[in-house]
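Quick notes on the structure that follows.
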Amino acid sequence: MTRIMSDIYQFGLADCLPDLSIMDSFISKSISTSSIISTRPGAGLTSLPDDVLLLVISLIDVEDILALRMTSKRFSSVTRQRWVWSDVLKHHVIDRRLPIPAFIADLKSLSAKELEVRAIHASRFHRNWSSSHPRSRRNVEFCAREPTTEEASSLQLSPVHPHPISHVLFPPGYNGELLITVEQNRVACWEIPFEGSEVFLIAERYLADCVIDGLVINDDPDSEAILFVMFSRITGMNPLYEITAQVWSLDKFHGSFVTLRSEILGGNVQHRLPPVARLCGDLALLGDPVILWNWRWKGQFYSMNSGNIHHSPTPDSVLAVQLVRNHLLIVRESHIQLLPTPKFDQTGRAVQGASTFGALLGVQDPAREAVVIVHEMTEEERGAWQFNPVTILMRVTVNDSHTIRKYDLLPRPVDSAERVAENEIYDEQQDTARRPRPTDSPCTFPVRPTQTIQVPPSCSNLVTGRNGKGSWMETQNLTCGQSTFPARCFVGFDATSHLIPAQDSQPARWENDLVIRKRLYKSRVGPGEIHQRKYRILTSSLEDTVGRIAIGGRDGRVQILDFA
């Protein structure tokens, strides 16, 4: 009885009870006459009134609620009430910081069935992903582009498929049911419902006589722009290239991509530019050094000046770029750079006057691949901290050592009004130009990696979702019965962040965690693939709100794995 009442207080349900002494007596009588103690027929959980039964249901897991529903008509009716699934969504999804599928801001407008579907989907995905043996519950496979008659005849002589899949991307805001695929000069959009096994082609576009240098989806689900494409066309005999950048929207009704903005970045140039890095709402990030382009306004480009560029004596390519609040986070092969972004006026022009300072962190060994994970915060937390917690994963190869190194960028608290006034008085007394201090950076930079993970030499293709889940691919030897064979495997991980409250003299602080999951998926490979390191799987993408992985193959086929 004490445990039940403590759980009621823990979930904040004590205010719903009329009188605790009366309630305690009532539940005690109900339990004393239950089938656990008494053998009298008809007594037990079914004898509890609905309001008490709802309180008991609020203390059990999602799968237990569904199991209880199958036992009787009364329990089936009670477990379909809207209050039940509103409470489940809050305590089992939102309070655990799990993403809500098909999220809308006003959850009160959803019906009981809509709340139930979201709660069950989120709970099952998290349970499967976090289990000791995660596995896909449903697979859908299709060919993105059938070979022509001439191409089919050539396939008999050569194992090289004419249309390998180079990109698979889930655009945000579509609940994982839309997928963008790229093969050579064709961009296509597919609809893949969660029910059934059919796949529908929504839109496609061919870029004739062009080479697609880069393609990214928009991070902002509310923006009309869905894609940022950079492609080049040969215009001379040398050869010379013409580089074009375009922003597309998706017209599902007419089945086409619509060009919102097109800019020729260079004509008659000898080298193709580095590909586009990011599209964040109206701001596109491309090139090296990174160029900011507000695509709403024609020709409005802003290049980070030489004072903001870290010059390296060795090749130092951009591996990942991410906008975090009013800063630009750039991860290169040998260092991590944080730069304040300029403010844009109403005409799209970048204006100076950023009041924040950046930071630079050199890494010991150059990386080959990197991903950036920005952890979400509540509105209250955003107001109390200058930055979002960030996890950076870098794949590093040094001699025969292959590792994935984790770097944590932890936010600093917002300065109080007294602290700001003290700094201003100090600057006036010094009568010198304002110089950056170590505490001016909105986050702390680690001196060394906070975690190092040993991986095999075959590790590649680091992929992460918007909510911290991710995966990489590696080759493993698997045993089935008495035979052992190599397979290309997906290894999952969870990157999370939580706030540690202030205790005694210790201030509040953030802490980032990384948990490696078991093998998510395996695909058998041949000796030739391992020797040449040309695997059938070329690319992959993760939609970690609904639990979907898309895999693009060298054979022109796409596979969808559902984990919810």
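Show the residues, 5+ positions off or on another chain, whose built amide H is closer than 5 Å to the amide H of Arg509.
Correct list: Ile500.
Can you list the lysines whose alpha carbon is less than 22 Å from that of Lys113, not counting same-chain residues fewer than 8 positions off?
Lys73, Lys90
If I model a spin label as a point 7 Å beyond the Cα along the Cα-Cβ vector, how far apart are those points for Thr397 and Gln454 in nm?
1.9 nm
How would Asp61, Asp504 line up by accessible area, probe 1.4 Å, largest first?
Asp504, Asp61
Which log10 I(q)/I(0) values does region 320-411 give at q = 0.20, 0.22 Å⁻¹ under the Debye formula, counting every alpha carbon as one identical point scatterer?
Here log10 of I(q) over I(0) equals -1.00, -1.11.
Compute the FRET efficiency between Ser111 and Asn139 as 1/(1 + (r/R0)^6), taking r as their Cβ-Cβ distance and R0 = 30 Å, and round to the nearest 0.05.
Taking R0 as 30 Å, the efficiency between Ser111 and Asn139 is 0.45.
For the peptides 180-188, 516-524, what is the packing order when you average, over each peptide's residues, the other Cβ atoms within 10 Å and list the highest mean first?
The densest-packed peptide leads the list: 180-188, 516-524.
Can you pull the accessible area of Arg536 for me, 1.4 Å probe, Å² to the nearest 10?
100 Å²
If R₀ is 41 angstrom, what is the calculated FRET efficiency for the pair Ser131 and Ile104, using the beta carbon separation as r and rounding to 0.05?
For R0 = 41 Å, the calculated efficiency reads 0.90.
Cut-off under 17 Å on the C-alpha distance; same-chain residues fewer than 8 positions from Lys406 excluded. Which aspartates and glutamates are left, in chain and number order?
Qualifying aspartates and glutamates at Cα under 17 Å: Glu333, Asp365, Glu369, Asp494, Glu511, Asp513.
Would you mind computing, in nm to one decimal, how far apart the modelled labels at Lys90 and Ile60 are, each placed 7 Å from Cα along Cα→Cβ?
Distance between label points: 2.1 nm.
Please calculate the 1.4 Å probe accessible area of Met377, with all protein chains present, and give it to the nearest 10 Å².
Only protein atoms counted, so the area is about 20 Å².
At 0.36 nm per residue, minus the direct Cα-Cα distance, what do Asn185 and Glu380 gain on full extension? Give it in nm, one decimal, please.
Here the segment from Asn185 to Glu380 would lengthen by 65.6 nm.
Figure the gain on full extension for Ile530 and Arg349 (residue separation times 0.36 nm, minus the Cα-Cα span) and round it to one decimal in nm.
Working it through step by step, the gained length comes to 60.1 nm.
So what is log10(I(q)/I(0)) for region 472-527 at q = 0.27, 0.30 1/Å, when the Debye sum runs over its Cα atoms only?
So the normalised log intensities work out to -1.02, -1.11.
List the lysines whose Cα sits under 23 Å from the Cα of Lys522, skipping any in the same chain fewer than 8 residues away.
Lys469, Lys534
Please compute the modelled spin-label separation between Ile234 and Ala487, points set 7 Å along Cα→Cβ, answer in nm with one decimal.
Spacing of the two 7 Å Cα→Cβ label points: 4.3 nm.
The values are calculated or read from the model by the stated rules, or taken from the named source; none is laboratory data. Since this is a predicted model, take the numbers as computed values, not measurements. Note that each Cβ is placed from the backbone with ideal geometry, even for glycine, and that neighbours are counted across all protein chains shown. The area values use the complete protein model at the heavy-atom level, side chains included, leaving out ligands, DNA and RNA. Shrake-Rupley method; radii C 1.70, N 1.55, O 1.52, S 1.80 Å.
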